[in-house]
Every structure is written in structure tokens, then in C-alpha cells.
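To start, the structure under review is shown below, and the notes come after it.
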């Protein structure tokens with residue numbers, strides 16, 4: 001290495017040996033390091049960079065901060081792995097400062113929605129109906145002022161805030177405290193007020209940021225509200241979401257959805273109906289209900305199913321024996337589809353979970369009817385989307401829709417029983433995620449001929465499955481923090497049903513806050529059912545593993561080994577408790593500050 005060459009360079013530079021020792025440096029290196037002579041020092045120790053990182057410096061930007069200055073590093077490209085590397089330091093303080101300034105001042109759009117505004121007004125005493133909205137308005141404007149960001153009202157329940165990337169980072173650091181402030185408002189109604197935030201920020205354009213904000217707000221509302229969703233060019237992040245979805249009193253939406261569906265069904269040459277892979281009672285029951293709607297409108301429909309669990313055998317065989325329903329394989333559906341075909345997706349809103357993703361892509365017109373919370377990869381461009389996370393089941397939503405197609409009750413006894421079974425499965429026999437509308441839907445199905453005794457037969461299990469459930473409960477691990485973990489031994493196609501039943505049973509034990517039950521299916525996948533009573537958001541925990549569901553009921557199927565999945569769940573539970581403790585301390589600290597001011 002020609003040391004004299006390095007000394008003549010007009011920028012700081014030094015030579016570094018393969019083991020990291022500085023073998024030569026020019027005088028300008030004193031602008032980088034405070035040492036008078038750095039020859040003999042270990043470059044890797046001084047900078048924290050490794051040799052393989054240096055070799056990539058010309059392809060991947062490397063910046064070193066020293067003495068209040070920023071230096072961009074690059075190396076001589078001809079250096080071999082066993083030779084000294086010449087490292088050049090290009091001062092980029094002004095450039096990086098300007099770049100950071102531009103980044104921090106990048107525009108961000110925040111759409112704000114007061115959740116369940118109509119219910120909020122209707123539930124308040126007449127003389128106080130404007131009090132809560134006015135209080136929320138004041139909190140929002142004060143919150144915006146604290147970040148030097150204007151908040152503008154665009155309707156009774158809608159606002160828009162214009163802010164910057166730098167201020168958005170500050171909002172994220174405080175975990176969007178405005179969510180807690182609104183939720184903690186005192187009111188004379190039987191549910192807490194809440195808001196949803198949809199934030200969009202893009203490097204492309206302001207229009208793109210606006211579109212991202214709109215999509216983020218739709219996602220926040222679809223996930224039940226009381227949360228902030230930040231969408232960027234790189235992805236989506238979620239904050240908050242501590243309240244369960246509130247049942248809506250507005251009955252006009254099902255009527256509008258039914259009217260839109262009728263028009264789409266009338267225009268289609270054929271209708272395909274599809275749920276998620278390995279359908280459960282709700283997916284199959286809601287599919288039968290959708291098929292009944294098509295038959296009433298005089299349109300041929302085809303229920304697309306490949307394989308199903310043994311737990312579905314009884315109702316599936318009953319439906320097949322009637323020869324009324326066209327239940328076909330995905331391969332046949334793909335051969336039949338045309339540009340005029342309509343696809344109705346029930347009991348899921350995610351492309352990765354549907355029975356046949358290729359069919360969803362082939363059908364130009366799509367209707368989604370589901371009760372699960374929206375996720376980043378949910379269908380967002382459907383002709384009609386009836387996704388209500390407050391509902392107990394897709395069968396409940398279909399039952400509501402059927403009532404708006406005709407005053408005449410056109411549902412058959414089998415369809416009514418299948419849909420009632422779907423509601424019972426997803427609501428754990430009406431003990432969870434139920435509202436007034438759930439019981440009204442069940443009542444309508446009962447009047448349609450559903451026999452509770454016949455429905456019970458759908459839930460009978462094999463003796464070995466019953467024993468597997470009993471052994472899982474017997475071996476359950478009750479942790480001191482109120483979370484229960486259980487493992488179902490053996491491999492069976494009914495593992496989803498068994499795990500769900502075990503989790504529901506474990507939740508009846510006093511002191512239990514959440515239950516996670518794991519097992520393996522015939523495909524070797526780890527299947528998890530998660531339940532809680534509201535203190536722990538099991539949906540967010542299952543989402544980290546690639547699953548989803550509801551605040552108090554969620555699940556996942558993972559290709560990871562059971563032991564690894566269990567470790568990840570326990571880690572997520574600990575993080576949830578740590579976050580809860582941090583929030584408690586923050587709230588306590590704020591309360592103490594207020595007391596000191598007083």
C-alpha cells in the first residue's frame with residue numbers, strides 16, 4: 001500500500017489491514033478522530049464497522065458520526081479480501097442535515113373519525129348529546145396544537161390533520177396518547193367514546209399520502225376502531241386497539257348491501273361462493289345462505305370447496321344428499337369462470353386464506369361478507385364489502401341480508417340450521433361476541449325452521465377427539481399471570497375444533513385472563529386457538545404469527561414447529577403485559593402531575 005498516495009489526498013483517508021489495524025493515514029484524519037496519530041489502532045473497534053461491511057460501502061450507504069460531523073464512507077473497489085482497504089471519508093454534515101430536515105418536514109395526512117358517532121349521540125341524554133363530541137373536538141385541537149399541526153373539522157364525526165414526518169415520529173413515540181384521552185372521557189353512556197386515526201405518508205406525492213391515509217382509516221375502522229393505523233410506501237403499522245368492536249344500531253347498511261348484491265347477482269352469468277380453506281361451520285353455513293339468496297333471485301350458484309374437516313361431515317353430507325346445492329372443486333370452478341361471473345367470499349377477507357385464490361383473481365366482480373377484522377392484506381377493491389367486526393359470525397350477517405331481499409321467508413330448514421350452527425360455533429354458544437342483532441338473527445333462523453336438537457348433532461365428536469380434548473385440559477399450564485397454555489396431543493383433521501373447545505373450556509376457570517391451545521393438523525402445521533376475556537388482545541398476538549380474528553377470539557395456522565410457536569406466543573404475552581404496565585405508569589405519572597398543578 002502506497003502510504004504517500006494516501007497523504008496527498010484532499011479528503012480524510014486511511015489504510016486498514018484485513019484484521020482491522022490502521023496501517024496508514026493522512027493528516028486530514030484528525031478531522032474525523034481526535035487522536036493525533038491513529039496508525040496502529042483497530043479501525044473496527046473505533047468505528048463499530050466490520051470488514052465485510054466496508055467491502056459493501058460503495059453499494060450500501062455507510063455514515064459515521066464523529067466530532068459533531070457526519071462522514072460518508074467509501075473504499076477502493078480494487079481491494080482484494082487479503083489486502084489493505086483504503087477507506088475514504090467524505091464529509092456529508094451539511095448534506096445529511098439538509099436531507100434529515102427534508103425528511104422531518106415531509107407532509108403527513110391524518111384522517112380522524114369519531115367511532116360509533118350515531119350510537120354516541122343516540123345513547124346520550126338529550127341535554128348532553130353535544131357534550132361528548134364537543135369534548136372530543138377540544139381534545140383533538142389541543143392535541144394538534146401540541147404538535148404544531150392544524151386539526152380541521154370536515155363533518156360531525158370527521159377531521160383531518162396536516163402534520164410532518166418529524167411530528168408524526170413524536171406522536172408514535174407517545175403511542176398516540178389522544179386515543180387514551182378520548183377513551184378516558186367521563187360520560188353518562190354505557191360504552192366509552194373512542195376515535196380512529198388513519199395516517200398516510202409517502203415519498204411519491206401528496207396525493208399518494210392522501211390515498212394512503214384514506215386506506216389507513218378504512219383499515220382502522222375495519223379492525224374495530226379505537227386505534228391508529230400508519231401507512232407508508234414501505235408498509236403498515238398499528239397502534240392502540242384496546243376496545244372491542246361495538247355493535248352498531250344503524251340498520252340501513254344491510255338494506256343498502258342487499259340492494260347492491262341483488263344488482264350484481266342479476267347481472268352475473270353465474271355466481272361462485274367461496275369461504276376459507278378447510279371451512280368450519282360458519283363458512284359452510286354462510287355459503288349455504290348465500291346460495292339460497294342466489295336461488296331466490298333465479299341465478300345458478302356454485303359453492304367452491306376442496307377439503308373439509310370431519311367435524312363438518314354431518315352437515316356437508318346432508319347438503320350433498322339434497323342435490324340442491326352445486327358444491328364443486330376449485331379446478332372445475334376455474335374452468336367455468338367467465339368475465340361475467342360474480343364471486344361471493346364469506347367468512348374471510350384475506351386472499352391468503354380463501355379456498356382458491358386463483359378464482360378470486362379470475363372473477364372481475366367480487367363481494368366480501370365477513371366478521372373478522374381487516375388486515376393489511378385484506379381485499380380492498382371489492383364491488384361490495386360487508387365486513388363488520390362486531391358481528392358474531394358471517395352467518396349472522398347473511399341472515400340479516402336475507403331479510404332485505406324479500407318479506408317472504410325463503411330459507412330452507414337445512415340452511416337455517418347450518419347458519420344457526422355457524423353462529424353458535426363462532427359465538428361459543430352465544431357466550432361471546434354477541435349483541436342484540438346476533439339474537440335477532442338467531443330468532444329469525446329459528447322461525448325459519450332451525451331445530452336446536454338437530455343443530456346439536458352437528459357438534460358431536462368422535463370418542464378419541466373427546467379424549468384428546470380432556471387430556472389437553474388435564475395437562476394445561478396455568479401461569480401466575482392468568483394466562484393458560486395447553487397442548488392437544490396427536491394429529492387430527494379436527495384439531496381446529498378441538499383446540500377451540502379446549503380454549504373455551506379453560507376460559508371458564510376463575511382467574512383466567514387468556515388461553516392459548518396448540519396442536520398439529522394432518523398437514524403437520526401448528527394450529528393455535530386463542531381466547532381472552534378482554535384484558536389481552538389475542539388478535540394482535542395471533543397477527544404476529546400470521547393469523548388473526550377478533551379481540552377476544554383468534555387463531556393461526558403456522559408452518560413453524562409447535563415448540564417455537566409456543567415460545568413466540570409467550571414472548572408476545574409478556575410484551576403485552578409490559579406494555580400494559582408502562583401505560584399504567586404513564587397514566588399514574590400524568591395523574592400525579594395534575595395533582596401537583598392543583
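Observations on the structure shown:
- With neighbours defined as other Cβ atoms within 10 Å of a residue's Cβ, the residues 236, 8, 488 order from fewest to most as 8, 236, 488.
- Helix 252-267 axis versus longest C-alpha principal axis of the chain: approximately 80°, rounded to the nearest ten.
- Helix axis angle, 562-597 relative to the chain longest principal axis, alpha carbon, degrees: 80 degrees
- Each residue, residue 11 and residue 264, gets one label point 7 Å from its Cα in the Cβ direction; the gap between the two is 5.7 nm.
- Projected label points at residue 340 and residue 535, each 7 Å from Cα along the beta carbon direction, are separated by 5.9 nanometres.
- In terms of surrounding Cβ atoms within a 10 Å radius of their Cβ, 160, 436 rank from fewest to most as 436, 160.
- Altogether, the Stokes-Einstein calculation at 25 °C and 0.890 mPa s, with the Kirkwood radius of the range 392-546 over Cα pairs as Rh, returns a diffusion coefficient of 145 µm²/s.
- The alpha-carbon positions of the chain define a convex hull whose volume is 221 Å³ per residue.
- On a per residue basis, the convex hull of the C-alpha atoms belonging to the range 133-221 measures out at 103 Å³.
- Projected-area average for the range 53-202 over all orientations - Cα convex hull basis, square nanometres: 12.9 nm²
- Rg/Rh (Cα only; Kirkwood hydrodynamic radius) as it applies to the range 252-458: 0.92
- Computed over every Cα-Cα pair of the range 463-581 and binned at 10 Å starting from 0, the pair-distance distribution P(r) comes out as 15, 52, 30, 4, 0 percent.
- Burial ordering of 178, 199, 328, 207, fewest other beta-carbon atoms within 10 Å first: 207, 328, 178, 199
- Principal-axis tilt of helix 313-322 within the chain, Cα atoms, nearest 10 degrees: 50 degrees
- Here the spin labels are modelled as points 7 Å beyond Cα on the Cα-Cβ line, and at residue 204 and residue 35 they lie 4.9 nm apart.
- Separation of alpha-carbon centers, the range 183-226 and the range 49-76, rounded to whole Å: 40 Å
- Beta bridges by DSSP in the range 441-598, antiparallel share as percent, to the nearest 5: 75 percent
- Whole-Å distance, taken between Cα centres, linking the range 77-147 and the range 310-389: 38 Å
Throughout, read-outs are computed from the coordinates displayed, never taken from laboratory work. Please read these numbers as outputs of a predicted model, since none were measured by experiment. All Cβ positions, even for glycine, are placed from backbone atoms using ideal geometry, and neighbour counts span all protein chains on display.
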